[in-house]
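**Student:** Quick one: structure below, then a few questions.
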Amino acid sequence: MPQVNANGARLHYRLEGDPSKPSLLLVHPVGSDLSLWDQVVPGLLKHFQVLRFDLRGHGGSEATSGEYTLALLAEDILHVASKLGLPRFATCGVSIGGMAAVQAASLAPERVTALVICSTASRLSPPPGGWDARAKAAMEFGMEPLASAMIERMVSGPFRSGGHPEIHTVRNVFAAMDPQGYASACAVLRDTDLGPLLASLSTPTLVVSGDLDVLVPPEVGSGIAEKLPHGKHVVLSCGHFPPLEAPNAFVELLREYCSSPGR
């Protein structure tokens, strides 16, 4: 399992593809890992060198102590890319991954050539009881009791009823997550407000929504795109995880946009 020491943490990564092609860095949502991208990476490798990694506290990456911040996750993105020899890259993130990608582009606009943010809110609505209560529940009872509710909220009804084996993978990854890493990431969701960053974001940005996403519905995505100087909004037929539910359409979106950002 390849790891890189970046920004004070050991982070699990996978770098694939032809280094002569443009670089694309993928950032998964909270409670997931780099396997979320398994359905789309084969198609993306036809057009990009692809770097994906597990956020700190997720998957095979180290769960460092203390609450995480959005700036910390954004710095992780930039450090991982630097360590692996990617000075400039397009980046795509889902949910908290999209938030971190926005922050990374704000910190280093000269490095991020294009930005695709999926199922991303400026400020994510908290679960019942708030993010601190969710973090406490994970620490006290583990991740398994939260897993079924996560699937119901994040995966659309039609996809759940289709018997797709990928759903079990997503659930198992969530249930096996380090509770400390999840609790630390909940602090990011509690504290993040992208609003102040949007108007000054110079990177061409594609905002992707799922028409069946109950957590971050399409009107949230369109609102973000309207605030961006170089924003565009598209809606796919899916829930909260476009690369899981609409992989073919998602690959085509990334191919087209990241090859000609802002078009």
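**Student:** Order of ARG56, ARG10 from fewest to most other C-beta atoms within 10 Å?
**Tutor:** Least crowded to most crowded, the residues run ARG10, ARG56.
**Student:** Non-local amide H neighbours of ARG123 (under 5 Å, H modeled in plane, Pro and chain starts lacking H): which ones?
**Tutor:** Hits under the 5 Å cutoff: LEU194.
**Student:** First select every other residue whose beta carbon is under 15 angstrom from the beta carbon of ASN248; then total the charges, Lys and Arg +1, Asp and Glu -1.
**Tutor:** -3
**Student:** Starting with the fewest neighbours, write out THR203, THR192 ranked by other beta-carbon atoms found within 10 Å of each beta-carbon.
**Tutor:** THR192, THR203
**Student:** Right, next: Just to confirm the filter: which GluC sites (Glu not before Pro) across the range 29-78 are DSSP coil and have at most 15 other Cβ within 10 angstrom of their Cβ?
**Tutor:** Answer by residue number: GLU67.
**Student:** For the chain, just the Cα atoms, rotate onto the principal axes and tell me the three extents in Å, largest first.
**Tutor:** Computed over the chain, the largest-to-smallest principal extents equal 46, 39, 37 Å.
**Student:** Follow-up question, since we're still on this one. I need CYS258, CYS92 ordered by Cβ neighbour count within 10 Å, fewest first.
**Tutor:** Arranged by neighbour count, lowest to highest, CYS258, CYS92 become CYS258, CYS92.
**Student:** Rounded to the nearest 5, what % of DSSP beta bridges with both residues in the chain are antiparallel?
**Tutor:** 25 percent
**Student:** What is the sum of charges around LEU34, taking Lys and Arg as +1, Asp and Glu as -1, for the other residues whose C-beta is under 10 Å from the C-beta of LEU34?
**Tutor:** Net charge in that neighbourhood comes out at -1.
**Student:** Taking R0 as 25 Å, what's the FRET efficiency between THR69 and ASN172 from their Cβ-Cβ distance, rounded to 0.05?
**Tutor:** 0.35
**Student:** Give me the extension gain from SER222 to GLU140: residue separation times 0.36 nm, minus the current Cα-Cα distance, reported in nm with one decimal.
**Tutor:** Once the chain is fully extended between SER222 and GLU140, it gains 25.8 nm.
**Student:** Once fully extended, how much extra length lies between SER200 and GLU252, figured as 0.36 nm per residue of separation less the alpha-carbon to alpha-carbon distance?
**Tutor:** Between SER200 and GLU252, full extension yields 15.9 nm more.
**Student:** Now a separate question. What is the extension gain from ASP18 to SER259, computed as 0.36 nm multiplied by their sequence separation minus the C-alpha to C-alpha distance, in nm to one decimal?
**Tutor:** The span from ASP18 to SER259 would gain 85.2 nm if fully extended.
Values in this text are rule-based calculations from the coordinates and carry no lab data. All values reported here derive from a predicted model rather than from experimental measurement. Every residue, glycine as well, gets a Cβ built from its backbone with ideal geometry; the counts of neighbours run over all protein chains shown.
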